[in-house]
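Trainee: Dropping the structure in here first, questions after.
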Amino acid sequence: MQKRTVAVALTLTASALLSTAAPAQASPSPGRYYGTKAPYAPQQNVRAYQQAPEGFVPVFTESVSRHGSRAASDSEDGDLILALWSKAASEGQLTRAGERFGGEVRSLLAAMDEVGYGQLSGRGERELVDTAARLEKRLPTLFGRIVRNSERIDIVNSGKDRAVDSGNLFATALADNDPALEPLITPARTDADLLYFHKSAGGEEYRDYVDNDKRLAATLKRITDQPATRTAARNVLEKIFKPAFVKRVSAGEFSGIGTGTQAAQAVYALYSIAPAMSDEGSWNMERYIAPRDARWFAYLGDAEDFYEKGPGFSDSDITYRMANVLLDDFFEKIDAKRAGTANVGAELRFTHAEEIIPLAALMGLPGSTEPASPAKPYTYADNAWRGASVAPMAANIQWDLYRKTGKGSGGSRGSRYLVRMLYNERQTAFKQGCEPVSKGSYFYDADELKRCFGRAAS
């Protein structure tokens, strides 16, 4: 993790503990079309959760979280658009807004270089710290039990820096809020097969699909190669460059640098990553892209993620079948707790969008239930899938296990177990076909979930 002052980020404030947020929306708010680069916000007030049925107490929690907000993976987009900007500047072909653009981009790139490309930003650090605080706030009885029984808190990561750092920050925040937890937090371990499965042995067939599937390539080309893309690109570039220069870019005069669409997408990429860098500075990238154009480029990015990681084509599960390794792990940890074979009170995993998105599709989470017909490509008009709500930065899926022990049963024998799920901290029903303990309840019998997901009964 890049060294920086994190004292403020590691302070668990009352506002973090009692954070409120509007319910998840089907699409980002106007002017906020960031796709999967959207910064994280909890989707429910910590005080608004449904209470467990009488007699049930929390005995275990487990989660999988995407890393927090980060800098861009590299400087490629900034370098591309700055090369065009410099050419236009030398010819007097910048608009008034465009004259400011180069300095803002250089400043943003410098900030990302300081943080480290691909590394957590200050905002990303706070997202993890605040989420840890709310986890403890939601389950004080569980964490009290963990301390009393000296149960472990396991931290597992993908092995990639930003996931490793996210797990370490989360663990540190838990201990800072309750020092009694510190000796119970085990040293973080890496499991790439579990938390980086798209690049592990189990993802070989998937990688072949992404690299070589002709239907996939044709569908994405069909979506991108539309008049609306060229119109949006021209709109974006004309905010920075004078019309004559934009025509030259669109005509391919600077193809060695990039096409008009590539240049506009580079501007959108900087626009969408800027909020993640809000702790490092203030960049007014929204002045260079109108909401309607940001929406279009967000759609193009969402379409790629939809077909490469999400629900995809209706006649195939290649994009999310490999996520079974992670869903299996959720059930295995529940089973171990029920059987008393593992002295673990919390299992906390840290990963990436490439794992969260297919897991959401496999589980049928809200927004991830509808694949696209091969004959009719995905659009915003007829599909609820949005990267900003399915897998924003620091996205998380959490299962809480509750137990009620029968009188005179002794130990865990005779106990009944219920599971509650939170998705981005919003209580969420399991997929259609899973029956809750009562109508309108967010609690499910653990064996009912195993039946519903086709796992063997305990």
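The values are calculated or read from the model by the stated rules, or taken from the named source; none is laboratory data. Predicted model only: the values in this text are computed from it and were never measured. Note: ideal-geometry Cβ built from the backbone for every residue, glycine included; neighbour counts use all protein chains shown. The accessibility values were calculated without ligands, DNA or RNA, using every heavy atom of the protein model including side chains. Shrake-Rupley method; radii C 1.70, N 1.55, O 1.52, S 1.80 Å.
Trainee: Tell me which aspartates and glutamates have Cα within less than 12 Å of K337's Cα, excluding those fewer than 8 residues away on the same chain?
Mentor: In chain and number order, the partners are E62, E151, E347, D400.
Trainee: If you don't mind, another one. Report, in degrees rounded to the nearest 10, the 0 to 90 angle that the Cα long axis of helix 96-115 makes with the longest principal axis of the chain.
Mentor: For helix 96-115, the angle is close to 40 degrees.
Trainee: Could you sort T231, T190 by accessible area so the largest value comes first, with the probe set to 1.4 Å?
Mentor: Order by accessible area, largest first: T190, T231.
Trainee: Accessible area per residue, 1.4 Å probe, Å², for the chain: what's the number?
Mentor: 42
Trainee: Amide H to amide H under 5 Å from K431: which residues, 5+ apart in sequence or cross-chain, H placed 1.01 Å off N in plane?
Mentor: Here the answer is none, since no amide H 5 or more places off falls under 5 Å of that of K431.
Trainee: While we're on this one: Over the chain, what relative contact order in percent results from Cα pairs under 8 Å that are six or more residues apart?
Mentor: Dividing the mean separation by the residue count of the chain yields 27 percent.
Trainee: Let me ask something else. Can you tell me the order of 363-372, 172-181 when each peptide is scored by its average per-residue count of other Cβ atoms within 10 angstrom, highest first?
Mentor: Result, highest mean first: 363-372, 172-181.
Trainee: Sticking with this one: Order these peptides, 148-159, 436-447, 289-300, by their mean beta-carbon neighbour count within 10 angstrom, highest first.
Mentor: For the peptides 148-159, 436-447, 289-300, the packing ranking is 289-300, 148-159, 436-447.
Trainee: In addition: Assign unit charges at the C-beta atoms only (+1 for Lys and Arg, -1 for Asp and Glu), then state the dipole size of the chain relative to its Cα centre in Debye, rounded to the nearest 20.
Mentor: 1100
Trainee: I would also like to ask the following. Take the Cα gyration tensor of region 313-404, multiply each eigenvalue by 5, square-root it, and list the three semi-axes largest first, rounded to whole angstrom.
Mentor: Taking √(5λ) for each eigenvalue gives 30, 14, 11 Å, largest first.
Trainee: Divide by every residue of the chain the summed helix terms, -39500 (n - 2.57) for each DSSP H run of at least 4, and state the resulting mean residue ellipticity at 222 nm, rounded to the nearest 500 deg cm²/dmol.
Mentor: -13500 deg cm²/dmol
Trainee: Taking a ≥ b ≥ c as the square roots of the Cα gyration tensor eigenvalues, with a/c under 1.5 meaning rounded and otherwise prolate when a/b beats b/c, else oblate, which class fits region 211-295?
Mentor: It comes out oblate by the Cα gyration axes.
Trainee: Which entries in the list K199/K450; K137/K450; K221/K333; K214/K239; K309/K439 go over 31 Å, if you measure between the two C-alpha atoms of each?
Mentor: K221/K333; K214/K239; K309/K439
Trainee: Which angle from 0 to 90°, rounded to the nearest 10, does the C-alpha axis of helix 214-224 make with the longest principal axis of the chain?
Mentor: Value to nearest ten degrees: 60.
Trainee: Shifting gears a bit: Roughly what % antiparallel, to the nearest 5, for the DSSP beta bridges in the chain?
Mentor: Percent antiparallel among DSSP bridges in the chain is about 60.
Trainee: Let me ask something else. I'm spelling it out carefully: the read-out is Cα extents along the principal axes in Å, the candidates are [x] 86, 52, 38; [y] 74, 58, 50; [z] 75, 56, 39, and one was derived from this structure. Which label?
Mentor: Among [x] 86, 52, 38; [y] 74, 58, 50; [z] 75, 56, 39, the one calculated here is [x].
Trainee: Same structure again: Taking only Cα atoms, what is the 0 to 90° angle, nearest 10, from helix 260-273's long axis to the longest principal axis of the chain?
Mentor: 40
Trainee: Using a 1.4 angstrom probe on heavy atoms only, work out the carbon and sulfur share of the accessible area of the chain in %.
Mentor: Here it works out to 48 percent.
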